[in-house]
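Step one of this worksheet: look at the structure below.
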Amino acid sequence: MEISPKINAIIDSLPGKPGCYIMRDCDGKVIYVGKAINLRNRVRSYFHSTSQQNLKTYQLVSRIQDIEWIVVDSELEALILEMNLIKKYRPRYNVRLKDDKRYPFIKVSWGDDFPKVTVTRQMLQDGSRYFGPYTSVWAVHQTLDFIRRIFPYLTCDRVITGNDERACLFYDIKLCAAPCIGAISQSGYRQMIDDLCQFLMGRTEPIVSRLQFEMEKASQALNFEKASVLRDQIRAIENVVEKQKVISSDYIDSDVIAMARSNGEACVQVFFIRGGKLIGRDYFLLEGTADNPDSNVFESFIKQFYDQSPNVPPQLLLPNEIEEANIIKQWLSQKSGGQKVEIIVPHQGQQADLVKLAAQNAVETLNSLQAQWQADKNRQLQALSELQIAFNLTTPLNRIECYDISNTQGTAAVGSMIVFEQGTPKKQHYRHFNIRQVQGPDDFASMEEVLTRRFNRWQAAQELVQTPGKKPDPAFALLPDLLLVDGGKGQLSRATAVLEKFDLLEKIPIAGLAKQNEELFLPDRKQPLLLPRHSQGFYLIQRIRDEAHRFAISSHRKLRSKEGLASRLDAIPGIGPAKRKALLTHLGSIQRIQEASLEQLSAIPGITPKLAEAIKSYLE
């Protein structure tokens, strides 16, 4: 492949120093991020004929139109920068964790006097303890529901003084230790939360030994009620421990990592071994793995997974050697606070058996997921086919748009646009419209405004396509193959009028969806269309309608909350639109403004020390 003069000039200007390189396509989009000890040599190697024998590398090189680079002082700095750039840009040709959202963690707010246990997707340097990551919020809440029966932690927002007259219902059903009424002291509550943290880390033996000692002490003091509570706690912990596979009493804490690959998909399985026991396992899917050797995939997974993980064990067990083992070990050791981390590839014995077991689980998991994906795809195709027949369409359905209106007695009215493509949500094309022109609770007029604005944006997108260097919003650039409005004949008539105005009525099939009996009203048809109750088409229409409703309510709540916050700030003397915007930009929420110190408030442009005092005084 011939190298363009521009790329040649860039390669010649590259320094022979460690750093990261960023490759962009003709649209300026980042398509690959890499690191190197010698930037010039590494980037030049992509354009050698031997490198391009790999299909993925050939495709990457053919799309490169620009290359940027960042020089750093060491290979370790290059590794950390590379991880941050991949996280930021999610380039197409890099191996990356499949979900682009952050994984959930269990957060213990250890810095508080009475720590709470919550779910979060962000790890902050705030003195809290974090456990995870987990692959699903559902799994996190399942874990917490169980743990709370053993360690009944606080979930309310009370200010804990220990002098409240009554505890809440959770105390009566043994789901809260009730420090609010002094049923447990601060030190006792913090000890319980520390036990919870140790339990999450798989270290149960010290907890059980201490609880047994306290149970015997309570029994000798004839405090049989406390002794029975401790007995139940010990039994619950022991029931969990019995289900955990014992590896070895002197086995070092380890993560066992293995992988299965099939049809371009890669599934990594991780076994978590703590205190000589297999305390859990999880799987993670990766994308961008095609034509990448296993060693590269493992390297990418380790860097991305442990970049998110709050805890790194002293040992990782892998089935393959990895090229970057030394620098990754250096980074992991630094991340774990100086504790040495080893990467081991066992070839025999119990450790090798564990790696094989993890690999078998990875294969089973990937096979199960692929079977599920295929079944889902078949159901989606069946649903789309049924809808095509029901609506008497000559072309297959691909893109379905659904619109809904949400408001509270006409205030904070919002219209939602949700998009399904090939029977699945296309969330990056979801949009909401704050209603501007309609006064009062008029859903019909609101729907007309939303659709008018949507198709105005479509017209503008067609003009932008013809303008060099301009890109339209992809959510509005395409027309739907089917347009649904949530509501009956009234909403349908307004939507039909909008399509007529844009000369689209003959191009876009449209229907109004009534909630009561899932009736579909069509233009120029007196009787509603009723889909068979248990058909895939019926289920898909229900799902689309529910998703539009959910998104509309969510957008409405955000707007209502924002308006409520703005109105509270506007009531403070000296706060106008500019200062209100500055407060919201820097702190983001009423709670954070309330919690901010006078120094933090005064540091915001336009907020004087005197005004900061007024804000604190008013909000408190």
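The values are calculated or read from the model by the stated rules, or taken from the named source; none is laboratory data. Remember, it's a predicted structure, so these values are computed and weren't measured experimentally. Cβ sites come from the backbone with ideal geometry, for glycine too, and all protein chains shown count toward neighbours.
Scanning region 132-156 for residues that are within 28 Å of Gln269 (Cα to Cα) and at pLDDT 85 or above returns a single hit, Arg148. When Ile322, Ile343, Ile328 are checked against the criterion of being buried (at least 17 other Cβ atoms within 10 Å of the Cβ), in contact with a Lys or Arg (Cβ under 8 Å, 6 or more places away or on another chain), not in a helix (DSSP H, G or I) and not assigned by TED's automatic domain parsing to the domain that holds Met123, a single residue qualifies: Ile343. The residues in region 453-474 that are within 26 Å of Leu387 (Cβ to Cβ), at pLDDT 90 or above and either loosely packed, with under 14 Cβ neighbours inside 10 Å or not charged (D, E, K, R) (or both) can be counted, and the count is 2. Note on region 466-548: enclosed strands (runs of 3 or more DSSP E) holding 3 or more residues that are touching a residue at least 60 places away in the same chain (Cβ under 8 Å) and aliphatic (A, V, I, L, M) are 482-486.
Against the conditions (1) under 37 Å from the mean Cα position of the chain (by Cα); (2) modelled with pLDDT of 90 or more, Gly182 satisfies every one except (1).
Reported count of residues in region 1-47, each being among the aromatic types (Phe, Trp, Tyr), within 20 Å of Glu324 (Cβ to Cβ) and assigned to a loop (DSSP other than H, G, I, E, B), is 1.
Is one or more of the residues making up region 269-279 at pLDDT 80 or above, β-branched (Val, Ile, Thr) and crowded, with 18+ Cβ neighbours inside 10 Å? The answer is yes, given that some residue of region 269-279 is at pLDDT 80 or above, β-branched (Val, Ile, Thr) and crowded, with 18+ Cβ neighbours inside 10 Å.
Would you call Ala552 under 29 Å from the mean Cα position of the chain (by Cα), among the hydrophobic types (A, V, I, L, M, F, W, C), modelled with pLDDT under 85 and surrounded by 14 or more Cβ atoms within 10 Å (Cβ to Cβ)? Walk me through how you get there before you give the answer.
Numbers: under 29 Å from the mean Cα position of the chain (by Cα): yes; among the hydrophobic types (A, V, I, L, M, F, W, C): yes; modelled with pLDDT under 85: yes; surrounded by 14 or more Cβ atoms within 10 Å (Cβ to Cβ): yes.
The answer is yes for Ala552.
Quick one: count up the residues across region 118-133 that are in a strand (DSSP E or B) and more than 19 Å from the chain's Cα centre (by Cα). Reasoning before the result, please.
Start the filter on region 118-133 by keeping residues that are in a strand (DSSP E or B), which leaves 118-120, 129-131.
Now restrict to residues that are more than 19 Å from the chain's Cα centre (by Cα): 129.
Total satisfying the criteria: 1.
I'd like to know if region 45-55 contains one or more residues that are in contact (Cβ under 8 Å) with a residue 60 or more places away in the chain and at negative phi.
Initially, region 45-55 is screened for residues in contact (Cβ under 8 Å) with a residue 60 or more places away in the chain, giving 54-55.
Then drop every residue that is not at negative phi, which leaves 54-55.
Yes, region 45-55 contains a residue that is in contact (Cβ under 8 Å) with a residue 60 or more places away in the chain and at negative phi.
Close contacts from region 424-435, counting a first residue that is assigned by TED's automatic domain parsing to the domain that holds Glu547 and a second that is among the acidic types (Asp, Glu) and assigned to a helix (DSSP H, G or I), with Cβ to Cβ under 8 Å and a gap of 6+ residues or different chains, come to Pro425/Glu547; Phe433/Glu449; Ile435/Glu449. Could you grab me the full set of residues in region 102-117 that are assigned to a loop (DSSP other than H, G, I, E, B) and charged (D, E, K, R)? Answer for region 102-117, where residues must be assigned to a loop (DSSP other than H, G, I, E, B) and charged (D, E, K, R): Arg102, Asp112, Asp113, Lys116.
Considering Asp481, Asp443, the condition of being crowded, with 17+ Cβ neighbours inside 10 Å, touching a strand residue (DSSP E or B) at 6+ places or on another chain (Cβ under 8 Å), acidic (Asp, Glu) and within 19 Å of Arg550 (Cβ to Cβ) is satisfied by Asp443 alone.
Considering Leu124, Leu230, which residue is hydrophobic (A, V, I, L, M, F, W, C), without any contact (Cβ under 8 Å) to a residue 24 or more places away in the chain and surrounded by fewer than 15 Cβ atoms within 10 Å (Cβ to Cβ)? Sole residue among the options that is hydrophobic (A, V, I, L, M, F, W, C), without any contact (Cβ under 8 Å) to a residue 24 or more places away in the chain and surrounded by fewer than 15 Cβ atoms within 10 Å (Cβ to Cβ): Leu124. The residues of region 385-415 that are modelled with pLDDT of 90 or more and crowded, with 22+ Cβ neighbours inside 10 Å, listed by number, are Leu387, Leu397, Ile400, Glu401, Cys402, Tyr403.
Conditions tested, residue by residue: (1) surrounded by 17 or more Cβ atoms within 10 Å (Cβ to Cβ); (2) part of a helix (DSSP H, G or I).
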site	(1), (2)
Trp138	no, yes
Thr143	yes, yes
Arg149	no, yes
Thr155	no, no
Gly162	no, no
Tyr189	yes, yes
Leu222	no, no
Lys226	no, yes
Ile234	yes, yes
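Taking the condition of being out of contact with any strand residue (DSSP E or B) (no Cβ under 7 Å at 6 or more places or on another chain) and buried (at least 19 other Cβ atoms within 10 Å of the Cβ), how many residues in region 37-46 meet it? Count: 1.
Across region 498-508, the qualifying residues are those that are surrounded by 14 or more Cβ atoms within 10 Å (Cβ to Cβ) and of a type outside the set (Phe, Trp, Tyr), and the one among them that is nearest to the chain's Cα centre (by Cα) is Ile508. Does region 349-356 include one or more residues that are in contact with an Asp or Glu (Cβ under 9 Å, 6 or more places away or on another chain) and not in a loop (DSSP other than H, G, I, E, B)? Looking for residues that are in contact with an Asp or Glu (Cβ under 9 Å, 6 or more places away or on another chain) and not in a loop (DSSP other than H, G, I, E, B), one finds none in region 349-356, hence no. Can you tell me which residues in region 157-202 are among the aliphatic types (A, V, I, L, M) and either within 30 Å of Asp253 (Cα to Cα) or in contact (Cβ under 8 Å) with a residue 40 or more places away in the chain (or both)? Within region 157-202, Ile160, Met192, Ile193, Leu196, Leu200, Met201 meet the criteria. Using the structure shown, decide if Ala359 is touching a strand residue (DSSP E or B) at 6+ places or on another chain (Cβ under 6 Å), within 30 Å of Tyr251 (Cα to Cα) and either surrounded by 19 or more Cβ atoms within 10 Å (Cβ to Cβ) or not assigned by TED's automatic domain parsing to the domain that holds Ala36 (or both). It is true that Ala359 is touching a strand residue (DSSP E or B) at 6+ places or on another chain (Cβ under 6 Å), within 30 Å of Tyr251 (Cα to Cα) and either surrounded by 19 or more Cβ atoms within 10 Å (Cβ to Cβ) or not assigned by TED's automatic domain parsing to the domain that holds Ala36 (or both).
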